[in-house]
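Colleague: Here it is, the structure in full.
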Amino acid sequence: MCPLAELHVHIEGTLSHSLIRELARRNDLPIPPAARRDGPSSFGCLDDFLRDYYANLDVLRERRDFTDLANAYLKRASQAGVVHAEIFFDPQSHTRRGVPLSTVILGLSDALEEAPDRFGMTASLIMCFLRDRGPQEACAIYDEALAFRDRFIGVGLDSSEEGFPPSWFAGVFARAKADGLHRVAHAGEESGPEYVWEALDILDVERIDHGIRSLEDLELVARLKAEGMPLTVCPLSNVALRNSPADIAQHPLPVMLGEGLMVTVNSDDPEYFGGYIDDNFAALTRAGVIDGAQCRQLARNSIRASFMPEARKAALLSGEDIRVSR
Ligand code: ADE
Ligand code: ZN
């Protein structure tokens, strides 16, 4: 299997039902109602999913809870052939519940530091701002996070999309750029191409998360292609949240590849949307959406679009560095 980088996964979206139960027991808490339902969940839209996603986080309280969460993801991702992951986390979803930022960042970091030895892979953190909490709160959490500046490599923008444009976050993204941090943003998942334009022009992002609705604007497609701008696409997520047709065979990914866009495949929230990164590849392949050559292209794209040092990217692309050590 080609080495893969996963560039769009929310650590909170890797919280499994079994870990929810274990943490509820350990922290002497009730099992959140959303996690009591049996069988796969179905969601009407992004906000419908986000209600369950935020409610289930209640069981994450202690530093080791965050470590266990990250370790479970790293183990599963390494089994899927992931050699490097750039993992989103949502600090505001925890601090607003009274969990200190240090608990979140240090807990996740404990797992990431051990990842080369335990799982033969590397991983970094990208801190996301919840767009529906507005720019002031984003600035406040950014200020607080600067005490842990060496623990994350970039900032992102996620949560409820419609009505919360990227332009609101111009100030905090400019600060992140001045501080030498990478910048990514969700755009064109539910919202139209105008949010992708804003993310490019106003936030100066280096990757667009999702971006599938860019296809509606030919001028935007040309711009994304000319710049080789990576789009971190999440097919099972798009189907589960009804942002693409219910039949994955109709997913726009092959059209995006055909347009010459720098597309990667990712899992987004694998415990909610029916699978990890390898499951996304398998679903696409099974439905005849992509062939073997396109799988290899997508894997190479993921390495190129990552924020790994150029020397490691070159080694991975030439097949010299499949497994890593510290
Ligand atoms: N947070 C977790 N998953 C998300 C998604 N798919 N879109 C926006 N915010 C999210
Ligand atoms: Zn996402």
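Colleague: Run Arg51 past the list (1) over 22 Å from Gly156 (Cβ atoms); (2) open to solvent by 10 Å² or more (accessible area, probe 1.4 Å) and report the number of the one that doesn't hold.
Modeller: If we test Arg51 against (1) over 22 Å from Gly156 (Cβ atoms); (2) open to solvent by 10 Å² or more (accessible area, probe 1.4 Å), just (1) comes out false.
Colleague: Pairs needed: first member in the range 275-294, in contact (Cβ under 8 Å) with a residue 40 or more places away in the chain; second member anywhere, surrounded by fewer than 20 Cβ atoms within 10 Å (Cβ to Cβ) and among the basic types (Lys, Arg); C-beta distance under 7 Å; at least 6 residues apart or different chains.
Modeller: Tyr276/Arg76
Colleague: So how many residues does the range 278-299 have that are outside any loop (DSSP other than H, G, I, E, B) and either open to solvent by 20 Å² or more (accessible area, probe 1.4 Å) or touching a helix residue (DSSP H, G or I) at 6+ places or on another chain (Cβ under 7 Å) (or both)?
Modeller: Qualifying residue count for the region: 15.
Colleague: Out of the residues in the range 65-88 that are among the charged types (D, E, K, R) and open to solvent by less than 10 Å² (accessible area, probe 1.4 Å), which is farthest from ligand 2 (Cβ to nearest atom)?
Modeller: Asp65
Colleague: Considering only residues of the range 1-19 that are part of a helix (DSSP H, G or I) and away from ligand 1 (no atom under 16 Å from the Cβ), which is surrounded by the fewest Cβ atoms within 10 Å (Cβ to Cβ)?
Modeller: Of everything passing the filter in the range 1-19, Ser18 is surrounded by the fewest Cβ atoms within 10 Å (Cβ to Cβ).
Colleague: Do we find that Arg133 is at negative phi, outside any helix (DSSP H, G or I), in contact with a helix residue (DSSP H, G or I) (Cβ under 8 Å, 6 or more places away or on another chain) and not hydrophobic (A, V, I, L, M, F, W, C) in this structure?
Modeller: When the stated conditions are applied, Arg133 does not pass them.
Colleague: When you look at Leu157, is it touching a Gly at 6+ places or on another chain (Cβ under 6 Å) and among the hydrophobic types (A, V, I, L, M, F, W, C), yes or no?
Modeller: No, not satisfied.
The values are calculated or read from the model by the stated rules, or taken from the named source; none is laboratory data. Owing to the predicted nature of the structure, the values given are computational and were not obtained by experimental measurement. Heads up, the Cβs are rebuilt from the backbone with ideal geometry, glycines too, and the neighbour counts pull from every protein chain shown. We work out accessible area using only protein heavy atoms, side chains counted, and drop any ligands, DNA or RNA first. Shrake-Rupley method; radii C 1.70, N 1.55, O 1.52, S 1.80 Å.
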